[in-house]
1. Among the listed residues Leu208, Leu203, Leu167, Leu212, identify the single one that is closer than 23 Å to Ala87 by Cβ, outside the structural domain of Cys30 (by TED's automatic domain parsing) and crowded, with 16+ Cβ neighbours inside 10 Å.
2. For the range 49-65, name all the residues that are crowded, with 24+ Cβ neighbours inside 10 Å and assigned to a loop (DSSP other than H, G, I, E, B).
3. Considering the range 261-281 alone, what residues qualify as being surrounded by 15 or more Cβ atoms within 10 Å (Cβ to Cβ) and of a type in the set (A, V, I, L, M)?
4. Working only within the range 14-40, note down all residues that are in a loop (DSSP other than H, G, I, E, B) and within 24 Å of the chain's Cα centre (by Cα).
5. Can you name every one of the strands (runs of 3 or more DSSP E) wholly within the range 112-226 that holds 1 or more residues which are free of Cβ contacts under 8 Å to residues at least 40 places away in the same chain and of a type in the set (D, E, K, R)?
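The values are calculated or read from the model by the stated rules, or taken from the named source; none is laboratory data. This structure is a prediction, so every number in the text was calculated from the model and none was measured. A quick note on method: Cβ atoms are made from the backbone with ideal geometry, for glycine too, and the neighbour counts reach across all protein chains shown.
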Amino acid sequence: MKTILEINKRKTEGNREGLFWSIVPGGVKCHICPNECVIGEGNTGICHNRINRDGKLYTIAYGNPCAINMDPIEKKPLNHFLPGSRAFSVAAAGCNLSCKNCQNWNISQKSPMDTLNYDLTPEKLVENAIAGKCSSVAYTYTEPLTSYEYTFDSAILARKHGLKNVLVTAGFINQLPLSHLCQYIDAANVDLKSFNNDIYLKLSRGTLDPVLCTLKIMAEMKVWLEITNLIIPGWTDDPDLIKKMCNWLAENGLAGSPLHFSRFHPAHKLSYTKSTPIESLLKAKEIAQLEGIKYVYIGNVSGIEEANTFCPKCKDLLIQRIGFSVVQNKLVKGHCLNCREKIEGIWE
C-alpha cells in the first residue's frame, strides 16, 4: 500500500454536495434513508455526516475514510463470492442506525469531524486496491449508505478499472438511491437484525420493512446477496421469529442466498449481555434448513465446521475454511465435483 495513506486530522465542513435532498421549511431534507432528516443550517443529520451548509446538503464523508484494510472476502462475510480473494475495505465515520450491540460504535456513532481520517479520493482508493492485488472494493465497517456519494463515485470508478464492488450494510435506505447504487454493486451482505419491528426500533432505532425492500431490490437487480442475522440472547434468539424470517426469505426467492447466523459477543450498550450459546446458533441453523434455506453458516465461532460449504444435494464438503482462510476448494466452474449440482454464487 502506498504512502499516500498517511493519517491526517481532516476537519472538513462539507466538501461535496449531496445527492437526493430537497429544500423544506426549517432547512434541507435528506432522502437517502427512511429517517428523512430535516437538517437546519449548520447541523448534521442522524448519521453525523450530512450537513446543511448555506441552504444546501453536503456530505462530510467524501474522500476521508477513517478505516482502511485489505481483508479476505470471507470476513465480510461472503462465502459464495470469489472465495479466497481479497477486498480493499474502506469506511467513513457515521451511521443512520444506533445499534445497542455495535462493535464499531467508536466510528459508526461519530462524525468524520471527530475521527482520524485518511486522505483517499475515489481515484486513490482504486489505485491502492489495484496495487494491493485486491479483486474487489468493500464498503464496510460502518454504514456505507450514509457516505453515499463517496461509495457511489468509488463504485463507478472501481467498475471501470475491473474491480468488483461489495456493499456491507444494514440496508436501511430508500428505494431510489438504492436502485441507483445497485447498478454498480456486484455483491452485498445485508444485516437483517430481526424479524420484529418493535425489536428493530429498540435494538437499532430502525424499522424492518425498508430492509426487506432492500433485499427484494437487490435480488431483482442481480446483486449477489448474502444475509447476516446476529443472534443476541434475549433479543433475536426467539425460534419462532427465526422461523418466520427464514420462511419469508424462502418465499421471496432467497432460499439460495447464504444465511449467516452470527454469534454475539458483549459490546457497546449490551456489554452486560452474555455471548450467544453455541446451541442457539445450531438451533437457528436447523430451523433455517427446515424452512428451505440451502446454505446456512455460523459465524463468529472458531473451531467448528459450520463455516464450510457443503453441497445441498449430496452433502459433500466443497469449500473448507479455517477462520477466514480457504484451505480447500473442490468446486468446478460453480458445480459440485461429486454430483455436479450447481452451487449458487459468483466463483470467478
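1. The unique qualifying residue is Leu167.
2. Result: Asn49, Ile60, Ala61, Tyr62, Gly63, Asn64, Pro65.
3. Hits for the range 261-281 are Ala267, Leu270, Leu281.
4. Going residue by residue through the range 14-40, those that are in a loop (DSSP other than H, G, I, E, B) are 14-15, 18-20, 25-26, 31-37, 40.
Matches in the range 14-40: Gly18, Leu19, Phe20, His31, Ile32, Cys33, Pro34, Asn35, Glu36, Cys37.
5. Filter on the range 112-226 gives 187-191.
So that you can scan it fast, the table gives a plain yes or no per residue for (1) at pLDDT 95 or above; (2) of a type in the set (Asp, Glu); (3) within 23 Å of the chain's Cα centre (by Cα):
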| position | (1), (2), (3) |
| --- | --- |
| Lys274 | no, no, no |
| Lys283 | yes, no, no |
| Glu291 | yes, yes, no |
| Thr309 | yes, no, yes |
| Gln328 | no, no, no |
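For every residue, the table says whether it meets (1) part of a helix (DSSP H, G or I); (2) touching a Pro at 6+ places or on another chain (Cβ under 8 Å).
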residue: Cys246; (1), (2): yes, no
residue: Leu249; (1), (2): yes, no
residue: Ala255; (1), (2): no, no
residue: Lys283; (1), (2): yes, yes
residue: Ile287; (1), (2): yes, yes
residue: Ile293; (1), (2): no, no
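Condition check ((1) of a type in the set (Lys, Arg); (2) outside the structural domain of Tyr295 (by TED's automatic domain parsing)) across all residues:
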site: Lys29; (1), (2): yes, yes
site: Ile39; (1), (2): no, yes
site: Leu78; (1), (2): no, no
site: Cys99; (1), (2): no, no
